[in-house]
Amino acid sequence: MTATVVALHGFLGAPDVWDAVASRVAARWVRPWLPGHGPAPAVYDGEFEAVVDAWLDPVVPAGAVLVGYSMGARLALSYGARHPGRVRAAVL
């Protein structure tokens, strides 16, 4: 079974910043745009944790590895700390 890596870019980054890493690590890579970034920015209203959950719940499969840089690391830390049964590991 191939691991799923959910890679979250930094504040001024984009999903393609992970291309070089993804090309060297065998896994199923999920590289979403962060909320408020990208061609179709998502806008959420509510408390930080609720927004993180609303955005990442549909993106993070059970047993995923979260990888985050800068702002992406902050989001990964928040999600992983509150959902330890769903996230296998986090690289921040």
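Bear in mind that the values in this text are calculations on the coordinates, not laboratory data. Just so it is clear, the model here is predicted, and its values are computed rather than measured. Every residue, glycine as well, gets a Cβ built from its backbone with ideal geometry; the counts of neighbours run over all protein chains shown.
Mean separation of Cα pairs under 8 Å and 6 or more residues apart, divided by the residue count, gives the chain a relative contact order of 33 percent.
Counting each DSSP H run of 4 or more residues in the chain as -39500 (n - 2.57), what helix-only mean residue ellipticity at 222 nm follows after dividing by all residues, to the nearest 500 deg cm²/dmol?
Values: 3 runs with 25 residues, N = 92.
Helix contribution divided over all residues of the chain: -7500 deg cm²/dmol.
Magnitude of the Cβ-charge dipole of segment 1-56, K/R +1 and D/E -1, about the Cα centre, nearest 20 debye? Show your work: numbers first, answer last.
Details: 3 positive and 6 negative charges, 78 e Å.
Computed charge dipole of segment 1-56: roughly 380 debye.
Given q = 0.15, 0.21, 0.22 Å⁻¹, what are the Debye log10 I(q)/I(0) values for the chain, with equal point scatterers placed on the Cα positions and solvent ignored? Once normalised to I(0) and log-transformed, intensities are -0.52, -1.03, -1.13.
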